[in-house]
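The values are calculated or read from the model by the stated rules, or taken from the named source; none is laboratory data. Predicted, not measured: the structure shown is a model, and the values here were computed from it. In this analysis, Cβ positions are derived from the backbone assuming ideal geometry, glycine residues included, and neighbour counts consider all displayed protein chains. Please note that ligands, DNA and RNA were not included when accessible areas were found on the heavy atoms of the full protein model with its side chains. Shrake-Rupley method; radii C 1.70, N 1.55, O 1.52, S 1.80 Å.
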Amino acid sequence: GIDPLVVAAVVLLASCAMAGTIIPYTGSDDGAPITGPFPLSAAAQAAFLAAAGPTTTSNFQSLPVGFYSPFALATGVTVSINAPNFGNGFSGISNTTLGNLDGFCVTPPSCTQWFGSPEGTATYSFAKPITAFGLWLTGVQTIFTSTFTLTFNDGSPETLNLPINV
């Protein structure tokens, strides 16, 4: 079988809006239950936030549940999905947790919704240039992906390997 990496915090800091130096901050808590704790992921998040400076945080709590694309995650941030729809608990904005293999929100009980795009891609587009981007990934499995690609506004990609312990 496939051993899932239950929580991985993957956060990136780029030196400019165009291709530049990328500093990944990653932490993985392999096999952690959906209620946590997530000590390695939380440590990566803290290091990222210290390096990034003031940030704006968004989550999926105010969005309608379902599979639709594109959607506005926050002011100036649009997410487009190119993935199959496997339904609530797998794809799009979900409010059902089917266990730590598939994905879940990392801050329950205040957080109940999360976003999934298994066997596909999600493109985050920003109306203004940014210098930092971070996200929590849960339910990561090699059956779905083991890479994360960041494409800069000049079209140059940077691919990072996700820390999946299998």
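Some notes on this structure:
- Answer residue from the range 101-160, given it is acidic (Asp, Glu) and in contact with a strand residue (DSSP E or B) (Cβ under 9 Å, 6 or more places away or on another chain) and is least open to solvent (accessible area, probe 1.4 Å) among those: ASP102
- Where strands (runs of 3 or more DSSP E) sit wholly within the range 80-139, those with at least 3 residues that are touching a residue at least 40 places away in the same chain (Cβ under 8 Å) and under 15 Å from the mean Cα position of the chain (by Cα) occupy 121-126.
- Residue tally, condition in contact (Cβ under 8 Å) with a residue 12 or more places away in the chain, over 15 Å from ALA122 (Cα atoms), of a type in the set (S, T, N, Q) and in a loop (DSSP other than H, G, I, E, B), over the range 41-74: 4
- Qualifying positions in the range 34-49 - open to solvent by 40 Å² or more (accessible area, probe 1.4 Å) and under 15 Å from LEU135 (Cα atoms): LEU40, ALA42, ALA43, GLN45, ALA46, ALA47, LEU49
- Matching residues, the range 75-100, being surrounded by fewer than 16 Cβ atoms within 10 Å (Cβ to Cβ), under 18 Å from THR123 (Cα atoms) and either out of contact with any strand residue (DSSP E or B) (no Cβ under 7 Å at 6 or more places or on another chain) or among the small types (Gly, Ala, Ser) (or both): THR75, GLY76, SER80, PRO84
- Top-ranked residue of the range 4-33 - restricted to ones that are part of a loop (DSSP other than H, G, I, E, B) and surrounded by 18 or more Cβ atoms within 10 Å (Cβ to Cβ), ranked as modelled with the lowest pLDDT: PRO4
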